[in-house]
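What follows is a set of notes on a single structure, which appears directly below.
The values are calculated or read from the model by the stated rules, or taken from the named source; none is laboratory data. Nothing here was measured: the structure is a model prediction, and the numbers come from that model. Don't worry about glycine lacking a Cβ; one is built from the backbone with ideal geometry, like all the others, and counts go over all protein chains shown.
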Amino acid sequence: MPRLLPLCVLLCVCLGTLQAQDLSGIEIHGFATQGFLYSSNNNYLSMKSSSGSLQWTDGAISFSDSLTDNLRVGIQLHIYQLGELGGPNLQVDWVSGDYRVSDYFGFRAGKVKTPIGLFNDSQDVDAVFLWILLPQSAYPIDNKSFYLAHLGGEVYGGLPLGRRAGKLNYRAYAGYNSLDLNGGYVKQAADAGLVFMTTPGGKTYGGDLRWDTPLTGFTIGSSALVQSLDGAVVGGSLRVPSAFVYAPYAQFQRGRFYFAGEYRRQPANVTVTLGPDTFQSNVDQRIWFAMASYRVSKNVHAGSYYSHWVDKSGDTSQPGNYSKDWAVSGRYDFNAYFYGKIEGHFLHGTALGYYQNTNPNGLQPNSNMLAAKIGFSF
Amino acid sequence: MKLSNKIRWLIIVLGLLGCCSAARAQDVMLLVNKSSQISEISAADLRAIYMGTKTRFSDGSHAMPVTLKGGPAHEVFLKNYLAQRPDEFRAQWRKAVFTGQGAMPRAFDSETALIEFIAATPGALGYVSHIAANDNVKLLTITK
């Protein structure tokens, strides 16, 4: 049994009775999930998934309070275990002061969520999604902690464009972002022999512009992000100069149907210096996904997506340079608080989600996977 | 005799249709604290306030939307005024709460508790299926 599961269950039992309590104005909310993964051929996400793995637990609790009509403060603590990633330590998911001057302009500062594409800032809120795994090309779960939030601030607001033109929502941010020492990138670096002496990080800035069109339920938008990374490794250094990432997207919801799609281009030039030697690795990631879902009944939700990742700087016929994933998902809500999900994946390519030490005999180019999850949120 | 039976069935069918029609027409009443200066609200503003994208009434005063935890009045309100199902509404707010972008509207188990809260809280806005005379709340009308 995963070691985090008892802790999360205890958290839920203790806090479940609160059911989103408002104690002297302080709002408390939380969620906990337990996942299961079974895969053919390869071990996925640093789990021994080919034998079936329950090493997938997630939990968070948030506290927030409105000090005045305009000022709100809050904190969310998060704990996760994903195979060999994560661990027993509570992390600050976000902590911020949020001052809303008007409906057109507000700002928040602290550790704030980073908007990239449709789902980046909410990708760890499992309860709001049909999917167990969001499209891994754009939202890799093993590296989500790197992109989720940054230290700094953002401005935000909404600009009504009139009855016939919809509404424009904007967010712009700047700050500092660092790698999660228990996350996927650091583990992959460790597998390659790079051991970090300090937490690697760098400046980040960007924004998101989202247009709620006059066609009800139809939203289009685009995000931009600039991120650099520097870190000291034993015997040398790692440097990724500022790279520009952009991500246009669209979503449409009408009645029981939901459709969404996103494209992203994400280049990175990685330079590793070890003593007198310098190693350079350039990647040019082209990412897109398309998804559709249908609300079958009040409790049942089903859907499918295709997720595509390819490194254009390499030989795109090699499985290590692409990842293509068809997913089919179903969700059942037992009530407003408890839900269960099941999902099938048909994976082609080995570029994402695989680790050397859990696949010591190499990787097969294709793999199928079954994922299941139960969750609780209040 | 046969004709009388047919008429009886016709009356029953028409009666049932009438009931269905009445059920479809079921609506809720919007309430606001008595101290509020507004007496009407546009459908767009109402939706924006409940979706968290607007925090003030048209007169500039602070709006505090509250909801019922469930039940027919809650579902009717979400469907008629926000065009949402309860699960969609819940997911929208959970997303805001867990990303640090908003605080979920306070929810009440009963209409009585909701009315009492609105009566005691300036700026509070809510809905009920029916209301007895209450000096501390007032009804809002909705404009297009």
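Some points to look at:
- Residue within region A:258-271 that is in contact with a strand residue (DSSP E or B) (Cβ under 7 Å, 6 or more places away or on another chain) and not in a strand (DSSP E or B) present: no
Per-residue answers, yes or no, for (1) surrounded by fewer than 17 Cβ atoms within 10 Å (Cβ to Cβ); (2) of a type outside the set (Gly, Ala, Ser); (3) under 24 Å from residue A:253 (Cα atoms); (4) at pLDDT 95 or above:
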residue	(1), (2), (3), (4)
A:69	yes, yes, no, no
A:73	no, yes, no, yes
A:81	no, yes, no, yes
A:88	yes, yes, no, no
A:95	no, yes, no, yes
A:107	no, yes, no, yes
A:110	no, no, no, yes
A:114	no, yes, yes, yes
A:126	no, yes, yes, yes
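- Candidates A:93, A:69: the one that is in contact with a strand residue (DSSP E or B) (Cβ under 6 Å, 6 or more places away or on another chain), free of Cβ contacts under 8 Å to residues at least 12 places away in the same chain and farther than 30 Å from residue A:295 by Cα is A:69.
- Condition broken by residue A:142, with the remaining ones in (1) more than 10 Å from every other protein chain (Cβ to nearest Cβ); (2) part of a loop (DSSP other than H, G, I, E, B); (3) in contact (Cβ under 8 Å) with a residue 40 or more places away in the chain; (4) over 21 Å from residue A:207 (Cβ atoms) satisfied: (2)
- Only listed residue being within 30 Å of residue B:55 (Cα to Cα), in contact with a Pro (Cβ under 9 Å, 6 or more places away or on another chain) and at pLDDT 90 or above, chosen from A:206, A:157, A:153: A:206
- Counted residues, region A:230-239 - those being part of a strand (DSSP E or B) and in contact with a Phe, Trp or Tyr (Cβ under 9 Å, 6 or more places away or on another chain): 4
- Residue count for region A:115-139 satisfying the condition of being β-branched (Val, Ile, Thr) and outside any loop (DSSP other than H, G, I, E, B): 1.
- Looking only at residues of region A:181-209 that are among the charged types (D, E, K, R) and touching a residue at least 40 places away in the same chain (Cβ under 8 Å), we find that the one that is nearest to residue A:58 (Cα to Cα) is A:187.
- Leading residue by the ranking (modelled with the highest pLDDT) among those in region A:19-39 that are away from chain B (no Cβ under 12 Å) and exposed (fewer than 14 other Cβ atoms within 10 Å of the Cβ): A:24
- Among the residues of region A:240-257, those that are more than 23 Å from the chain's Cα centre (by Cα) and assigned to a strand (DSSP E or B) comprise A:254, A:257.
- Residue among A:323, A:313, A:317 that is more than 14 Å from chain B (Cβ to nearest Cβ) and under 19 Å from the mean Cα position of the chain (by Cα): A:323
- Members of region B:91-134 found to be of a type in the set (D, E, K, R), crowded, with 20+ Cβ neighbours inside 10 Å and over 30 Å from residue A:115 (Cβ atoms), listed by number: B:111
- Just one of (1) modelled with pLDDT of 95 or more; (2) within 30 Å of residue A:357 (Cα to Cα) fails for residue A:213. It is (2).
- Just one of the listed residues (A:330, A:353, A:303, A:340) is in contact with a His (Cβ under 8 Å, 6 or more places away or on another chain) and either in a strand (DSSP E or B) or under 16 Å from residue A:37 (Cβ atoms) (or both), and it is A:330.
- Selection within region B:43-57: residues that are under 14 Å from the mean Cα position of the chain (by Cα) and touching a residue at least 24 places away in the same chain (Cβ under 8 Å). The member of this set that is nearest to residue B:102 (Cα to Cα) is B:51.
- Positions within region A:160-174 being away from every other protein chain (no Cβ under 11 Å) and assigned to a strand (DSSP E or B), in sequence order: A:168, A:170, A:172, A:173, A:174
- Qualifying residue in region A:214-223 (condition: touching a helix residue (DSSP H, G or I) at 6+ places or on another chain (Cβ under 7 Å) and closer than 26 Å to residue A:94 by Cβ): no
- In region A:314-364, the residue that is nearest to residue A:183 (Cα to Cα) out of those that are among the polar types (S, T, N, Q) and buried (at least 16 other Cβ atoms within 10 Å of the Cβ) is A:358.
- When region A:267-294 is filtered for residues that are under 25 Å from residue A:331 (Cβ atoms) and either touching a residue at least 40 places away in the same chain (Cβ under 8 Å) or more than 25 Å from the chain's Cα centre (by Cα) (or both), the ones remaining, listed by number, are A:287, A:288, A:289, A:291, A:293.
- If you go through region A:150-200 and keep only what is of a type in the set (Phe, Trp, Tyr) and crowded, with 16+ Cβ neighbours inside 10 Å, you end up with A:156, A:170, A:173, A:185, A:196.
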